1. Which condition number in (1) surrounded by fewer than 16 Cβ atoms within 10 Å (Cβ to Cβ); (2) under 14 Å from the mean Cα position of the chain (by Cα); (3) hydroxyl-bearing (Ser, Thr, Tyr) is the one that Tyr97 fails?
2. Name the single residue, out of those in segment 169-193 being modelled with pLDDT of 80 or more and open to solvent by 20 Å² or more (accessible area, probe 1.4 Å), that is nearest to the chain's Cα centre (by Cα).
3. Pairs only if they're at least six apart or on different chains, beta carbon under 7 angstrom, first in segment 94-117 and in contact (Cβ under 8 Å) with a residue 12 or more places away in the chain, second among the aromatic types (Phe, Trp, Tyr) and not in a helix (DSSP H, G or I); list them, first residue then second.
4. Can you pull out every residue in segment 13-34 that is among the polar types (S, T, N, Q), assigned to a strand (DSSP E or B) and open to solvent by 40 Å² or more (accessible area, probe 1.4 Å)?
5. Could you tell me which residue of segment 1-11 is farthest from Glu69 (Cα to Cα), considering only residues that are at pLDDT 90 or above and open to solvent by 40 Å² or more (accessible area, probe 1.4 Å)?
6. Among what's in segment 134-162 and is in a loop (DSSP other than H, G, I, E, B) and over 26 Å from Arg55 (Cα atoms), pick the residue that is farthest from the chain's Cα centre (by Cα).
7. Suppose we filter Thr113, Thr139 for residues that are polar (S, T, N, Q) and surrounded by fewer than 19 Cβ atoms within 10 Å (Cβ to Cβ); which single one remains?
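The values are calculated or read from the model by the stated rules, or taken from the named source; none is laboratory data. Just so it is clear, the structure is predicted and the values come from calculations on it, not from any experiment. So basically every Cβ, Gly included, is an ideal-geometry build from the backbone, and we count neighbours across all protein chains shown. What goes into the accessible areas is simple: the full protein's heavy atoms, side chains included, and nothing from ligands, DNA or RNA. Shrake-Rupley method; radii C 1.70, N 1.55, O 1.52, S 1.80 Å.
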Amino acid sequence: MAVHRGEIAVAGEGSHHSITPYIPGALPSDDHPTVGDWVLIDQGTLLPTRVLRRRNLFKRRAPGDPRKEQMIAANIDTVFIVASCNQDFSVARLERYLVLAREVGVNAVVVLTKTDLTDTPDVFAAAVRAIEPGLHVETVDGRDPESVAHLAKWCGKGKTVALMGSSGVGKSTLVNTMRSSDSIATQEVRTSDDTGRHTTTVRQMHRLDRGGWLLDMPGMRELQLPDATTGISEVFDDFILAAQRCRFSDCAHGVEPGCAVQAALADGTLTSARFDRWRRLEAEGIVAPAHLGRRRR
């Protein structure tokens, strides 16, 4: 139900406990519980014994140590990628969250909050829709129950929706409004730069009256992706398809003759802003494998 430092909150039929997340005898490479997991627990010792097979798992490179991975959440049906209509809005950050969702095969909906603070919410929505054709985009005032009511179609009985986004975009406010509760503390963003403050400090599931679950998570402003070849190939498919038409298989998409990517940039088929973001991911070592994998297939 929740991940705290050194313990996890678990709930079963008629029972709620805080227990250790460490499975006796398990190796570091074995599955260990994270929020959203189903876990077998010894009723006598209250020690976890096994994590049941997951349908999916969100993870990222651990902050401070890119050699390690940090588990974020498991068994998610839909992810709400939350962004606010203010100075903190970042297409590049949204693309990273979208890559993360595509990599694990989870339906993604971009939820733009704080529409009451802008006269041009459609401009923000258009920028998001330009990322990928057919991407679901919803604009809401997170404090208004009527405004967020249409998000309920993704939150039916037995469904788990995870809210991801940077601090201060309104994730906790959305959870409070959808639950008709103010149990989660929220804070105002800094007015100087619209930068959010960390309010949520643990990953935690919240029950909805209609039977679904919302998973509120701390803001992740810096999202270092693990090997995400599938997610990259879906979100940046236009660049990868263009790269396959380059004259040389090792084309760096700079000044090489016959570069199809540069040709598409010149005629406006591809945009330079997205090209720069794609190259930034390439520098992290997670684009090249997708490019080469497509070429081999």
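1. (1)
2. Thr173
3. Correct list of pairs: Leu100/Phe58; Val104/Phe58; Val109/Phe80; Val111/Phe80.
4. Ser18
5. Ranking the qualifying residues of segment 1-11, first place goes to Ala11.
6. Restricting to residues being in a loop (DSSP other than H, G, I, E, B) and over 26 Å from Arg55 (Cα atoms), the top hit is Asp144.
7. Thr139
One line per residue, one yes/no per condition, for (1) within 20 Å of Pro21 (Cα to Cα); (2) open to solvent by 60 Å² or more (accessible area, probe 1.4 Å); (3) touching a Pro at 6+ places or on another chain (Cβ under 7 Å):
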site	(1), (2), (3)
Gly36	yes, no, no
Asp42	yes, yes, no
Ile72	yes, no, no
Asn75	yes, no, no
Val106	no, no, no
